[in-house]
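Here is the structure we will look at, set down as structure tokens.
The values are calculated or read from the model by the stated rules, or taken from the named source; none is laboratory data. This one's a predicted model, so the numbers in the text were calculated from it and none came from an experiment. Cβ coordinates were reconstructed from backbone atoms using ideal geometry, including for glycine residues, and neighbour counts include every protein chain displayed. We work out accessible area using only protein heavy atoms, side chains counted, and drop any ligands, DNA or RNA first. Shrake-Rupley method; radii C 1.70, N 1.55, O 1.52, S 1.80 Å.
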Amino acid sequence: MASIEVIQGDITTLSLDAIVNAANKCMLGGGGVDGAIHRAAGPQLLEACRAVPIVRGDVRCPTGECRITPGFNLPARYVIHTVGPVWDGGGYGEREQLASCYRNALSIAASHKLKTIAFPAISCGVYGFPIDEASRISITTIRHFFETSPSTVQTVTLVAFNDELFRQWKETLAM
Ligand code: AR6
């Protein structure tokens, strides 16, 4: 069973097998943690994202899914890009989509035989997901994944960028 830890800080500084990016469907960068990851990884990351096949329109990664690229100049070996749901009141499958992001990222990590992975609080910035619910969904989904799927992943780090998220994740983890 993997361990889950919560830290406060900047995910771009972590030397792990993979960090997860809260990207958008076209995967060509943005603000928040996506912007920080692209800045720290360097322009090769954008090139690698551009090379990800288009699914439809300008969509490279539909909501709830993941795509993996190298980390380039990051200390992390890989970036697992996922697209969280935009919160619209909770009646549009947002909770299940958020759970899918965590599940699919862990699955892709296991398929690459990775041992250490860090997540930011997917959808908890501009996508507006309520922090208390996102915190419960993330931890429940991660625990359920390890209870039901054999995996190479040994440590999952949840990276809170602010005090509120840090407190919330710590509280949920203790439950
Ligand atoms: N390390 C860890 N967490 C961070 C960092 C960092 N360096 N920077 C921000 N956060 P957001 P979303 C936290 O808005 O809600 C982008 O433009 C932040 O405080 O980055 O999924 C994409 O291109 C918040 O708690 O992602 C999409 O268009 C969390 O990361 C859109 O934003 C997520 O906030 C995705 O929105």
Per the filter on the stretch 31-69, residues farther than 24 Å from SER111 by Cα and either in contact (Cβ under 8 Å) with a residue 60 or more places away in the chain or acidic (Asp, Glu) (or both) are GLY31, GLY32, VAL33, ASP58
Meets criteria (open to solvent by 30 Å² or more (accessible area, probe 1.4 Å), polar (S, T, N, Q) and either within 14 Å of the ligand (Cβ to nearest atom) or in contact with a helix residue (DSSP H, G or I) (Cβ under 9 Å, 6 or more places away or on another chain) (or both)) for GLN8: yes
TODO: Return a yes/no flag: does the stretch 115-126 have any residue that is within 15 Å of the ligand (Cβ to nearest atom), closer than 22 Å to ASP58 by Cα, in contact with a Pro (Cβ under 7 Å, 6 or more places away or on another chain) and aliphatic (A, V, I, L, M).
DONE: no
Exception for PRO53 within (1) under 29 Å from GLU147 (Cβ atoms); (2) open to solvent by 60 Å² or more (accessible area, probe 1.4 Å) falls at (1)
Residue count, the stretch 56-74, condition part of a loop (DSSP other than H, G, I, E, B), open to solvent by 60 Å² or more (accessible area, probe 1.4 Å) and away from the ligand (no atom under 13 Å from the Cβ), comes to 4
By residue number, the members of the stretch 15-50 that are in a loop (DSSP other than H, G, I, E, B), farther than 20 Å from CYS101 by Cα and open to solvent by 20 Å² or more (accessible area, probe 1.4 Å) are SER15
